[in-house]
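Q: First the structure, then my questions, so here it is.
The values are calculated or read from the model by the stated rules, or taken from the named source; none is laboratory data. Bear in mind the structure is a predicted one, so any value in this text is a computation, not a measurement. Heads up, the Cβs are rebuilt from the backbone with ideal geometry, glycines too, and the neighbour counts pull from every protein chain shown.
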Amino acid sequence: MTRLARRFAGTLSTLVFALGVAGCGDSAPPMGDVEGAVTVDGSPVPQGTVTFTPADGVRPAAACDLKDGKYAVRVGVGPCKVQVRMLKKVGEKKAYGNEPNSPVVPIYEEGLAAEFNDKSTLTYDVAAGKATKNWEAKSRVKK
């Protein structure tokens with residue numbers, strides 16, 4: 001083995017050992033499981049997403065799909081800002097402009113009022129274990 005190869009092998013061994021030691025122990029942050037229902041104007045949201053963003057900016061955000069008004073997500077314990085999104089189909093267009101054989105694709109826009117997503121006022125303090133949190137949203141008003 002050349003000197004450079006031995007040095008590389010030694011460095012690689014040290015790195016693998018250090019990563020292995022770092023992975024040991026109980027350093028995982030406490031987590032909570034939150035599930036619930038989201039309705040818009042009294043009806044279940046057909047499809048969308050729910051995102052929990054930790055207020056401390058340190059823990060990772062968690063998001064999940066929202067289907068038939070139901071969601072379930074695993075997120076770090078602590079206060080979070082919550083965003084709920086519901087894409088609403090508003091039309092269709094050709095994918096490739098005026099090409100005669102172009103496939104048609106749907107056009108979507110946000111279906112909920114901004115205070116539930118872009119300018120969210122929703123918060124939730126996630127606790128360890130399981131919890132249920134339901135949300136009632138309002139439709140976005142067309143301008």
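Here is a yes/no grid of residues against (1) assigned to a strand (DSSP E or B); (2) free of Cβ contacts under 8 Å to residues at least 60 places away in the same chain; (3) of a type in the set (D, E, K, R):
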| position | (1), (2), (3) |
| --- | --- |
| GLU35 | yes, no, yes |
| THR39 | yes, no, no |
| ASP56 | no, yes, yes |
| CYS64 | yes, yes, no |
| LYS88 | yes, yes, yes |
| ASN101 | no, yes, no |
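Q: Please determine, by comparing only the residues of the stretch 44-72 that are crowded, with 19+ Cβ neighbours inside 10 Å and hydrophobic (A, V, I, L, M, F, W, C), which one is farthest from THR123 (Cα to Cα).
A: VAL45
Q: Inspect the stretch 104-115 for any residue being without any contact (Cβ under 8 Å) to a residue 40 or more places away in the chain and in a loop (DSSP other than H, G, I, E, B) and give the result as yes or no.
A: First pass over the stretch 104-115, keeping only residues without any contact (Cβ under 8 Å) to a residue 40 or more places away in the chain: 104-110, 113-115.
Going one step further and asking which of them are in a loop (DSSP other than H, G, I, E, B), we end up with 113.
Yes, the stretch 104-115 contains a residue that is without any contact (Cβ under 8 Å) to a residue 40 or more places away in the chain and in a loop (DSSP other than H, G, I, E, B).
Here is a yes/no grid of residues against (1) at pLDDT below 95; (2) over 17 Å from the mean Cα position of the chain (by Cα); (3) of a type in the set (Ser, Thr, Tyr):
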| residue | (1), (2), (3) |
| --- | --- |
| CYS64 | no, no, no |
| ARG74 | no, no, no |
| VAL77 | no, no, no |
| CYS80 | no, no, no |
| GLN83 | no, no, no |
| LEU87 | yes, no, no |
| LYS94 | yes, yes, no |
| PRO100 | yes, yes, no |
| ILE107 | yes, yes, no |
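Q: I'd like to verify a number: residues in the stretch 84-121 that are under 21 Å from ARG59 (Cα atoms), in contact with a strand residue (DSSP E or B) (Cβ under 6 Å, 6 or more places away or on another chain) and loosely packed, with under 13 Cβ neighbours inside 10 Å, how many?
A: Going through the stretch 84-121 one residue at a time, the tally reaches 0.
Q: Still on this structure, please answer the following. Would you confirm, using the coordinates I've provided, whether VAL141 is aliphatic (A, V, I, L, M) and touching a strand residue (DSSP E or B) at 6+ places or on another chain (Cβ under 9 Å)? Full working, then the answer.
A: Values: aliphatic (A, V, I, L, M): yes; touching a strand residue (DSSP E or B) at 6+ places or on another chain (Cβ under 9 Å): no.
So VAL141 does not fit the description; no.
Q: Can I ask one more? For TYR71, work out the one condition from (1) outside any strand (DSSP E or B); (2) within 20 Å of VAL38 (Cβ to Cβ) it doesn't fulfil.
A: Against the list (1) outside any strand (DSSP E or B); (2) within 20 Å of VAL38 (Cβ to Cβ), TYR71 comes up short only on (1).
Q: Which one is surrounded by the most Cβ atoms within 10 Å (Cβ to Cβ) among residues in the stretch 122-143 that are modelled with pLDDT under 95, in a loop (DSSP other than H, G, I, E, B) and not aliphatic (A, V, I, L, M)?
A: Looking at the filtered set, the residue picked out is ARG140.
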